[in-house]
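See structure below.
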Amino acid sequence: QVQLVESGGGLVQPGGSLRLSCAASGSIFGFNAMAWYRQAPGKERELVAQIPRFGMGNYADSVKGRFTISRDIAKNTVYLQMNSLKPEDTAVYYCKAVRGVDAHWGQGTQVTVSS
């Protein structure tokens, strides 16, 4: 059973930065793709960024130029660097890993952007 554990969330002021981490229980190289989603109160979960096994990441329009998804295969970890944070980025952020038809989710980490 694949386990994904997110960390790095917290409270940050507008304009600040955070780096989220998603540590997998096994090698991430076997996943077709890994992604970060977020869900704000009263809203549906939305895709923030994803990175395929081979290739570069792609992003939601709302975070392009501010967020960067990356991975460290040796550490079995995917990251989300978030810069120039805005109050509307406030949400629970979830990590997702896809292998074939199977999708695995982490438990989420809260990000709050507020002064």
Candidate set: the range 44-78, residues that are in a loop (DSSP other than H, G, I, E, B), basic (Lys, Arg) and in contact with a strand residue (DSSP E or B) (Cβ under 8 Å, 6 or more places away or on another chain); chosen: the one nearest to residue 2 (Cα to Cα): 53
Residue that is at pLDDT 95 or above and buried (at least 18 other Cβ atoms within 10 Å of the Cβ), where the choices are 96, 86: 96
Scope the range 7-32; condition over 19 Å from residue 50 (Cα atoms), part of a strand (DSSP E or B) and small (Gly, Ala, Ser); matching residues: 10
Top-ranked residue in the range 14-33 [being open to solvent by 30 Å² or more (accessible area, probe 1.4 Å) and among the hydroxyl-bearing types (Ser, Thr, Tyr); ranked as nearest to residue 105 (Cα to Cα)]: 25
Filter result for residue 74 (farther than 18 Å from residue 114 by Cβ, free of Cβ contacts under 8 Å to residues at least 12 places away in the same chain and open to solvent by 20 Å² or more (accessible area, probe 1.4 Å)): yes
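The values are calculated or read from the model by the stated rules, or taken from the named source; none is laboratory data. Quick caveat: nothing in here was measured; it's all calculated off a predicted structure. Methodologically, a virtual Cβ is constructed for each residue, glycine included, from the backbone with ideal geometry; neighbour enumeration extends over all protein chains shown. Heads up: the accessible areas ignore ligands, DNA and RNA and are worked out on the full protein's heavy atoms, side chains in. Shrake-Rupley method; radii C 1.70, N 1.55, O 1.52, S 1.80 Å.
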